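One structure is given here, and the rest of the page talks about it.
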Amino acid sequence: MENITIKHYDNESHGYGKISKYDLIGLNIPLNSFSDFSFYNTVEACFYLEEDCDLTKLISLLKDKDIKVNFKNEYVNYEYFHNNNEFIRGYIND
């Protein structure tokens, strides 16, 4: 069984799991699999998947591929996602 570590961000309101766009491509997970409740960081080319719907979906997709998910937690303030122009809701195609 493979393992993957996902950084989990808690912003006092919601939690988000961070995964690279390129990791998703390498894992054959379509980039349009996630909702507008999640964020995409254009500078880092990473998705921040909202914990209640999209992160749960990713964990299920990885479990189907026999990949165990580990988490590394980090706490950030609310504005980390909401007042930062590097984050957009959903995914914009390149």
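Just so you know, all these numbers are worked out from the coordinates, no wet-lab data involved. All values reported here derive from a predicted model rather than from experimental measurement. Here the Cβ is made from the backbone with ideal geometry for all residues, glycine too, and neighbour counts use every protein chain on show.
Counting each DSSP H run of 4 or more residues in the chain as -39500 (n - 2.57), what helix-only mean residue ellipticity at 222 nm follows after dividing by all residues, to the nearest 500 deg cm²/dmol?
-4500 deg cm²/dmol
Students often get this wrong: which residues of segment 53-76 have the backbone nitrogen under 17 Å from the point 7 angstrom along Cα-to-C-beta of Glu12?
74-76
Leu62: net charge of surrounding residues, Cβ under 12 Å, Lys/Arg +1, Asp/Glu -1, itself excluded?
Result for the local shell: 0.
Counting Lys and Arg as +1 and Asp and Glu as -1, each charge on the Cβ, what is the dipole of the chain about the Cα centre in debye, to the nearest 20?
Magnitude of the dipole: close to 280 debye.
What does the net charge come to around Lys7 if you take all other residues with beta carbon closer than 13 Å to its beta carbon, with K and R at +1 and D and E at -1?
Local net charge: -3.
Classify the chain from the C-alpha gyration tensor, please: rounded if a/c falls under 1.5, else prolate or oblate depending on whether a/b exceeds b/c. Write down the numbers at each step before the final one.
Details: a/c = 1.91, a/b = 1.32, b/c = 1.44.
Oblate is the answer for the chain, as a/c is 1.5 or above yet b/c matches or exceeds a/b.
Compute the relative contact order of the chain as a whole-number percentage, counting only Cα pairs closer than 8 Å that sit 6 or more residues apart in sequence.
42 percent
Once you have the Cα-Cα distance between Lys65 and Ser20, take 0.36 nm times their residue separation minus that, and quote the gain in nm to one decimal.
Contour length minus Cα-Cα distance gives 14.5 nm.
Given a Förster distance of 30 angstrom, what is the FRET efficiency for Glu2 paired with Val43, based on the Cβ-Cβ distance and rounded to 0.05?
So, using R0 = 30 Å, E works out to roughly 0.60.
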